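The values are calculated or read from the model by the stated rules, or taken from the named source; none is laboratory data. In this text, all values refer to a predicted model and were calculated from it rather than measured experimentally. Neighbour counts run over all protein chains shown; Cβ positions are idealised from the backbone, glycine included.
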Amino acid sequence: MSIVLAAIDDSAAAAPVLDAARAIGGALHASVQAFHVDEEGQATATGLADRAGVPVRVVRGDPLAEILEAASDPAVSIVVVGARDQIAGPRPVGHIARAAIERTGKAVLVVPPDAPTDSAPALRRVLVPLEGAQDTAEAVAAPLRRLSQAGVEILALHVFDAEHVPRFWDQPAHAEQGFASEFRARWCEEPTTPLRLRTGSPPGTVLDVAAAEDVDLIALAWSQDLSAGRGAVVRAALTDAHVPVLLLPTDPRDDGT
Amino acid sequence: MSRAPRWLARTGPTACHPPRSERCDRGPWGDGRLPSPDPTAGWTLTLSSDGARTTTRRHDSLTTLSSGDLGVRGDHEGGDDPGRLVLVAGAFGTSTDGLVRPLPGPGWTDLGPHGPPAGGRRLLDMRDGTLWREAPEEGLRSFRFVSLAHPGIAVLRAEDDRRGESWPAALEAPAPSPLAAEQTFHAGPDGEGRWAETVGDRATITASARQWSRTTPDHRRVERLAAFRAGEGSQPDRAAELLSTACATGFDELLREHRRAWARRWAGADIEIVGDPAAQLAARFALFHLLSCAPTHGEATVGARGLTGLAYAGHVFWDTDVFVLPALAAILPDAARAVVEYRIRRLPAARARAEGRGRRGALFPWESADTGADVTPGSMRDSEGNRVPVLHGDQAMHINADVAWSALHYIQWTGDAALMDAGGGRLVLETARHWADLIRRDDQGRGHIDDVIGPDEYHERVDDNAYTNNMARWHLRQAATLARQAGDPEEASTFEDLAASLIDGFDPVTGRHEEFAGFDALEPMLIAEIAEPPIAADLLLGRARLAHTQVVKQPDVLMLHHLLPTDVPPGSRTADLDHYLPRTAHGSSLSPAICASLLARSGRPDEAMALFDLAARMDLDDLTGTTAAGLHVATMGGLWQAIVHGFAGIRPTADRLEIDPHLPSRWEALHLRVHFRGQRVAITIEPRLITVDAADPVPLVIEGEPTWGPVQIARTEGSRRP
């Protein structure tokens, strides 16, 4: 059985991290394990884990190094980290979370501190933005298939921006159906996957649709590159999303999924 | 649930006839060898694929074989190909979303094994309408055709290396698709053969099939014949009868007859472009699908994608009347007649529609299917995800004039004046009566047509759209002539008076037309300020924003110059081209070819080539991203028009064939064939020479000079070719 590893700190932000891990672990029939690097205490972390019924391993050392070490276990399929430890407004993801998502080759679920918590967390609906490219479609295929098989509703999104708007759009009512049908056939595992077509700036539109559709999670394929000019949608999701963001590398390493 | 054909329901020993398919008791079918492919340059489309989803279904569309009655996509025989599709013209049903959509027929090409389609190579031989396929991973080679000589018959031969396995049943359920009508599937044995049917709420497609197989030390072979019939109910006897005839004819003779039929079609339609192989292939590809998109008898329901796919729900738009028919009238007149017949038979529905709107006359719907009722979707989602109403059904009035134009244009090419007594006259008159009822006269007696959508669909609810008004004016004048001939001078006068009153949008000061009342006051945006065309500007900017600009979707005023070149003020074409072309987004796949044609006719053929190439590659390069759902048949018709009306400058008039060429520098020569007034005419255009060949005298106007063909004429000094 694969492992969903929830890296929790000793703050209130640990609660949504644990809940997100339990939700996705439940959907994927994976065991959930908590992992805490004790720097300034462990009471909150261990207490939360105990109450949630999640086994917790406490270690000492450099937090990032220890998280990466723990994530390297072949049995670990998803690493769950908090985006940052403070809720106060949109802020870039914290340095540990950023380093974790850039350096581990695994799927990483980044959980904002204001993500909903639940005593019985479950995934209902996942938003999958797709740009219409082979590598990103392949990166999300297997995880989403497993979520779909577990009864989670998958909602795909494609955003037309200046770079991706079609050249021709004959009769809009039919063009939308035809385009959507073809897009699903090319890039979605299931030809019946609901697809939303929107126009706008992809980063902002992804967040708008996530809110409008009341999703529990946003799943993004990405190249693990947040350098200037790259990863705009990932960057925006990590900064501004109020739901967990599942990052699926297009070039996974030691991928246990 | 399997349901036996009705004829088996009879009881009593004398009533149990042997299945008709068992009459296929012909002798040995030879060695079942596959004919060899003939990859002649310019006649063959060769497609290679690795089996990826992005290419498989697109190739299925490109290699569709059709007789105009029956269409079969070029699917993979091995593997589960979701693009597998059989369509029969005119067979529709209601889908789960409430829309009227094509009813898919039983599949007949499954040869197993099942799994993802593998890669391979396909050769579409456009000269004789055959498809050869090789799939090395499956060890499968196949050959198929959809008979032109025996409409409704499809033939397949295949061989592979999997000895010892049985071939799948000859008929199967269609691949599921959300774009197809809902249907139930029934199948069962029919003697040595098999029957099957797909049953929708408006039609049933019945198929009868038989296959023979043979195993040799090296391979196994199969031959499969399938017959398809469609109608309101099950037709197992008719399908079996059709199959029986095909069986008795045999593969070799079926193929010979099919090839002869294609040879006859090409003899009256081919286009040869010397010096431009890419354009040559594109032209023949377009011709191939045009020549097989409509039957040559009865009526032709030619949807936006023909019989090549399910996109656009198989609905009939103005695409058929003004983009496809002009080509068919010249290259396959009987098919053009069938297109007009479709409209004639739906005149009662158009009459009812006008009456339902409180108007006189007849009003054709923007989108039409089997019954002629309006099947335009009522709503759609905009780019922000909001559901908004589709206004075309109420406002795209120009369809009435397009239908009338189409019928009269058919007569200009064919001279078939008998059409007027066979419903054509009523078609023109009754649709004109709707204009007469619709036109509003102001205090000064000027005529207005309010609240419409013209060809430029970026601007809705406009008044006095120049295209609509000018087409209506032309239409009323044609109807006036008919009314006078019918002995009704009063109605004729009414039509003429209304025609003369209509605002036409022409400004003698600027020398051009205003697209609709108030267009010139909109934000003067050029398309280059937004993006490089072609571009779906409505998706990029949003419809609300776009409606306040002068960006247009496709030729609107320019369409007027294309369809009624002698009914517009002299010199206005250049002014309108220079004004509207920079404002045209070409967001419609119909747009590039028409603009190319106008540029060519305006003495700018080299400038036309970029747009010509767009039209030429529309499906070959999948420029819309939707070729997998069906080919753009109207774009192909537009491409033909760009070549013939644009570069060759060929146009039929009331009594002559006009030829006024403007060849692009890429083309060393242009050879083409058309049917004019019942005879084949071959025309060759070279830089310094125009040659017209025909069996009988043909009245011509070449570069403005009346003459008679056959003839060879030196082109005028300072020849039009740059």
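Listing for the model above:
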| read-out | value |
| --- | --- |
| Any hit, region A:95-102, residues being farther than 27 Å from residue A:158 by Cβ and in contact with a Leu (Cβ under 6 Å, 6 or more places away or on another chain) | yes |
| Residue within region B:498-517 that is among the acidic types (Asp, Glu), surrounded by fewer than 21 Cβ atoms within 10 Å (Cβ to Cβ) and within 14 Å of another protein chain (Cβ to nearest Cβ) present | no |
| Elements of type helices (runs of 4 or more DSSP H) contained in region B:518-637, each with 2 or more residues being within 14 Å of another protein chain (Cβ to nearest Cβ) | B:537-541, B:543-546, B:591-601, B:605-616 |
| Answer from A:115, A:156, A:120, A:99 - the residue that is under 17 Å from the mean Cα position of the chain (by Cα) and in a loop (DSSP other than H, G, I, E, B) | A:115 |
| Subset tally (residues that are at pLDDT 90 or above and at the interface with chain B (Cβ under 9 Å from one of its Cβ atoms)) for region A:185-196 | 2 |
| One residue from A:158, A:174 being more than 8 Å from chain B (Cβ to nearest Cβ), crowded, with 19+ Cβ neighbours inside 10 Å and out of contact with any Lys or Arg (no Cβ under 6 Å at 6 or more places or on another chain) | A:158 |
| Complete set of residues in region B:305-315 that are in contact with a helix residue (DSSP H, G or I) (Cβ under 7 Å, 6 or more places away or on another chain) and either outside any helix (DSSP H, G or I) or not hydrophobic (A, V, I, L, M, F, W, C) (or both) | B:305, B:306, B:308, B:309, B:310, B:312 |
| Answer from B:583, B:651, B:617 - the residue that is touching a helix residue (DSSP H, G or I) at 6+ places or on another chain (Cβ under 9 Å), over 30 Å from residue A:174 (Cα atoms) and either surrounded by fewer than 21 Cβ atoms within 10 Å (Cβ to Cβ) or not β-branched (Val, Ile, Thr) (or both) | B:651 |
| Residues of region A:212-257 satisfying the condition of being modelled with pLDDT under 85 and among the β-branched types (Val, Ile, Thr) | A:257 |
| Matching residues in region B:357-407 - criterion: being under 30 Å from residue B:654 (Cα atoms), within 14 Å of chain A (Cβ to nearest Cβ) and either part of a helix (DSSP H, G or I) or of a type in the set (Phe, Trp, Tyr) (or both) | B:366, B:399 |
| Failed item in (1) closer than 20 Å to residue B:270 by Cα; (2) within 21 Å of the chain's Cα centre (by Cα), with residue B:657 passing the rest | (2) |
| Qualifying residue in region B:330-342 (condition: surrounded by fewer than 22 Cβ atoms within 10 Å (Cβ to Cβ), touching a residue at least 24 places away in the same chain (Cβ under 8 Å), hydroxyl-bearing (Ser, Thr, Tyr) and away from chain A (no Cβ under 14 Å)) | no |
| Residue in region A:59-72 that is at negative phi and buried (at least 22 other Cβ atoms within 10 Å of the Cβ) present | yes |
| Test: residue A:164 is under 30 Å from residue B:593 (Cα atoms), touching a residue at least 24 places away in the same chain (Cβ under 8 Å) and part of a loop (DSSP other than H, G, I, E, B) | yes |
| Selected residue [surrounded by 24 or more Cβ atoms within 10 Å (Cβ to Cβ) and either in contact with a His (Cβ under 8 Å, 6 or more places away or on another chain) or over 17 Å from residue B:101 (Cβ atoms) (or both)] from B:416, B:402, B:382, B:421 | B:402 |
| Close pairs (8 angstrom Cβ cut-off, 6 or more residues apart or separate chains): modelled with pLDDT of 95 or more in region B:478-504, part of a helix (DSSP H, G or I) and exposed (fewer than 15 other Cβ atoms within 10 Å of the Cβ) anywhere | B:480/B:493; B:483/B:489; B:492/B:481 |
